[in-house]
Every structure is written in structure tokens, then in C-alpha cells.
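Take a look at the structure set out below.
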Amino acid sequence: MAGGVTWLTVSLLVAAGAVALQTALTLRSGRMLPLLVASLSLFMATDDQFMLHERALPHVLGVPEAAIVAVYAIVGACIMVLTLRELGPRGAAGLWPSLCFMGLAVVADFELLGESSYATEDLLKLAGFASWTTFWFQYGRARIRLNLAAPG
């Protein structure tokens, strides 16, 4: 069953990345946020599919897995700051569930609160990526509608 959950998480991330990329390509301005979301989502999808941060990247780059996860967290924080600037606290509120679930998945992955199962981590990632994808679908729809309605 773990393979099925991984397939779902990868599919959700690819969908979020594709929608964010299409949003960026459609907009006349303000493309940085959706481009950053597309980049992070598509890289995390590749990572999740091929277990890059667990095996390949630490070996190739010579850095621990935690350093790679920290880079994801930094990019995620940048996305949150940009989203807060653009949408304000109420508009960005939909991102909090995904960040909480993804944070809990990291806690489960590194077993920071004790031993956890792969199922726990995978289900937390699934919840996080589902809410992430939902948020960026809604964001993309709203931004493209505004863009199409704007003159010029």
C-alpha cells in the first residue's frame, strides 16, 4: 500500500507544480511566487518518487539528509512570506494546514518524537500535499481570472 500512497503524493505534487507553472506563464506580472511553487513542487515530486534526499543527494553532494530537508523548509518559508505579502494573513490561511502536515511528516521521518512508521509519515505527507495542491489550484484560478479580467 505504501507504493500507492507515494504514487498519490507524487501525483499531487506534479499537479500543484503544473498548475503553478501554468499560472506563472499566463500572468503578465507577479510570476515569482507561482514559479517558486512550481519549482519546489516539481522537485519534491521527483525527490519523493526517487528518494533523492534519503539516498542520492547526500551521497552526491556529501551533505546530510537533514540539510536537504532544511533547504526545502527555507524555500517553503520564502513561499509563505511571498504569499502573506500578496494575499495577507486571511488569504494565506489555506497554506497553514499543508505546512503543519508537512512539518509533522518531517518529525515522523526523523523520528524526533520517538519511533514512527512509514505509514504515519506517508499519510502525513499525503494530507500535506493534498492541502498544498488544493491551495495552489485555488490560487491559480483566482490569479488567472484576475489577469484575464484586467485591461491591456
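Approximating the spin labels as points 7 Å out from Cα along Cα→Cβ, the Glu111-to-Arg145 distance works out to 4.8 nm. Relative to the Cα centre, the charge distribution of the range 66-123, modelled as +1 at Lys and Arg Cβ and -1 at Asp and Glu Cβ, gives a dipole magnitude of about 420 debye. What's the angle, to the nearest 10 degrees (0 to 90), between helix 118-149's Cα axis and the longest principal axis of the chain? For 118-149 against the chain, the angle is about 10 degrees.
Rounding to the nearest 20 debye, state how big the charge dipole of the range 1-149 is about its Cα centre with +1 on each Lys and Arg Cβ and -1 on each Asp and Glu Cβ. Write down the numbers at each step before the final one.
Details: 9 positive and 10 negative charges, 214 e Å.
Using only the charged Cβ atoms, the result is roughly 1020 debye.
Taking the Cα centre of each part, how many Å lie between the range 51-81 and the range 88-135? A separation of 16 Å, based on Cα centres. Projecting the Cα atoms of Leu148, Leu87, Leu36 onto the dipole axis of the range 1-149, where Lys and Arg carry +1 and Asp and Glu carry -1 at the beta carbon, places Leu148 farthest toward the positive end. When peptides 62-74, 132-144 are ranked by their average number of other Cβ atoms within 10 Å per residue, the highest-first order is 132-144, 62-74. At the residue level, Leu148 shows approximately 130 square angstrom of accessible surface with a 1.4 angstrom probe and all protein chains present.
Each peptide in 31-39, 89-97 gets a packing score, the mean of other Cβ atoms within 10 Å over its residues, and the list from highest to lowest is 31-39, 89-97.
Per residue, the chain exposes 57 Å² of accessible surface when a 1.4 Å probe is rolled over the protein heavy atoms with every protein chain present. Accessible-area rank, largest first, for His53, His59: His59, His53, with all protein chains present and a 1.4 angstrom probe.
Quick check: convex hull of the Cα atoms in the chain, volume per residue, rounded to a whole Å³?
About 107 Å³ per residue, rounded to a whole number.
The values are calculated or read from the model by the stated rules, or taken from the named source; none is laboratory data. What you are looking at is a predicted structure, and each value in this text was computed from that prediction instead of being measured. No Cβ is skipped: glycine too gets one built from the backbone with ideal geometry, and neighbour counts run over all protein chains shown. These area figures cover heavy atoms from the full protein model, side chains too; ligands, DNA and RNA do not enter into them. Shrake-Rupley method; radii C 1.70, N 1.55, O 1.52, S 1.80 Å.
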